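The values are calculated or read from the model by the stated rules, or taken from the named source; none is laboratory data. Everything numeric in this text was worked out from a predicted model, so none of it was measured. All Cβ positions, glycine included, derive from the backbone under ideal geometry; neighbour counts span all protein chains shown. Accessible surface is based on the protein model in full, side chains and every heavy atom, while ligands, DNA and RNA are left aside. Shrake-Rupley method; radii C 1.70, N 1.55, O 1.52, S 1.80 Å.
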Amino acid sequence: GKVNGGNRVYEYTEQLSKQYNELLLMASDIRKAFQYNEFTLSYQPKVDVGTDAIVGVEALIRWEHGKKGKIPPSVFIPIAEEIGMIDQIGEWVLRKACQQFVEWKNAGTSPVMIAVNISAVELQQPEFLPRVKNIIEETGMDPDYLEIEITENSVMQNTEACIQKMNELRKMGVSLSIDDFGTGYSSMGYLQKFPINYLKIDQSFIKELFLETGSAEIIKAMIQLGHTFGLKVVAEGVEGEQILSFIKDEKCDYYQGYLYSKPLEAELIEAKLLSIS
Ligand code: C2E
Ligand code: CA
Ligand code: CA
Ligand code: CA
């Protein structure tokens, strides 16, 4: 009766406070990560399916924790969103990527698109647009080469406000991608409303191509859907030749994946870009 109920409440409270402590610890770790320069960006090439030419790179954050070693973004980004630290991370990522673009350009590479991931929480902030504008000005970034990747779920809340922000970004010259396409809740009707340039087919579909019946049909349909709306279609997570040849037959535009390259540090990308300039 009462005693057991009381115990359950006690256990529950204890568990909550443990989770709360973990969040606090993470918050202080992230603050220190800025202080000790533990964040870096890796860049994964985005490649033309037909020619294998690099058309762009996607910036992906890396964290080398002083004591805990590498912490993947799939672990700390959701927590950073929850504890209100994603803005700071997002601002750092955008600035770093823009600085890097300018550095590569100054080193003599022919410019390629640089894509940055924006979390849903960031997009909802009123400071987001002015921040992008400031960083572009401050770094001397050419906005025609800046691409912002947003997941479809992040634009399903406050859709009208998001569309307005997306339009503003496009007016600035920035390109937009829908990331992880096919995993979210968006209806096809929305695709028509979003002022986007690229559709990125989520890697789960690509991985299942030869494992699950129906996956091939789904991928075909997504490529056609993108093309119907005048979008370039990107396949993510391409690891094998067979998959590449399938998406080539289906006229997918670009791909990313370990088959061509893992995400690489800035110097290696610079060398790659110089070798083709
Ligand atoms: P995403 O934006 O979908 O990024 C693609 C992820 O797939 C990256 O993992 C990349 O390293 C990985 N990947 C690329 N090609 C292959 C492949 O052929 N096989 C496999 N198995 N994986 C591949 P990563 O870097 O660990 O990032 C995971 C997620 O964390 C990202 O998914 C993105 O949602 C988030 N993320 C990463 N960097 C940032 C960032 O700077 N800001 C925000 N807001 N989110 C980020
Ligand atoms: Ca992405
Ligand atoms: Ca993705
Ligand atoms: Ca993802």
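Kindly list the number of the only condition in (1) closer than 29 Å to Gln164 by Cα; (2) within 16 Å of ligand 4 (Cβ to nearest atom); (3) open to solvent by less than 70 Å² (accessible area, probe 1.4 Å) that fails for Gln203.
Unmet condition: (3).
Restricting to the range 41-70, name every residue that is in a strand (DSSP E or B), open to solvent by 60 Å² or more (accessible area, probe 1.4 Å) and in contact with a helix residue (DSSP H, G or I) (Cβ under 8 Å, 6 or more places away or on another chain).
Residue satisfying the conditions is Arg62 alone.
Please determine, by comparing only the residues of the range 144-154 that are open to solvent by less than 20 Å² (accessible area, probe 1.4 Å) and either in a strand (DSSP E or B) or within 22 Å of Gln88 (Cβ to Cβ) (or both), which one is farthest from ligand 3 (Cβ to nearest atom).
Selected residue: Leu146.
Taking the range 230-277, which residues are aromatic (Phe, Trp, Tyr) and surrounded by 13 or more Cβ atoms within 10 Å (Cβ to Cβ)?
Phe246, Tyr254, Tyr255, Tyr260
Which residue out of Gly182, Gly173 is within 11 Å of ligand 3 (Cβ to nearest atom) and of a type outside the set (Val, Ile, Thr)?
Residue meeting the stated conditions: Gly182.
For every residue, the table says whether it meets (1) within 13 Å of ligand 1 (Cβ to nearest atom); (2) surrounded by fewer than 20 Cβ atoms within 10 Å (Cβ to Cβ).
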position	(1), (2)
Gln99	no, yes
Glu103	no, yes
Gly108	no, yes
Asn117	yes, no
Leu123	yes, no
Pro126	no, yes
Val132	no, no
Glu137	no, yes
Asp142	no, yes
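Sort out which residues of the range 159-200 are within 20 Å of Ile114 (Cβ to Cβ), aromatic (Phe, Trp, Tyr) and open to solvent by 40 Å² or more (accessible area, probe 1.4 Å), and write them in order of number.
Those that are within 20 Å of Ile114 (Cβ to Cβ), aromatic (Phe, Trp, Tyr) and open to solvent by 40 Å² or more (accessible area, probe 1.4 Å): none in the range 159-200.
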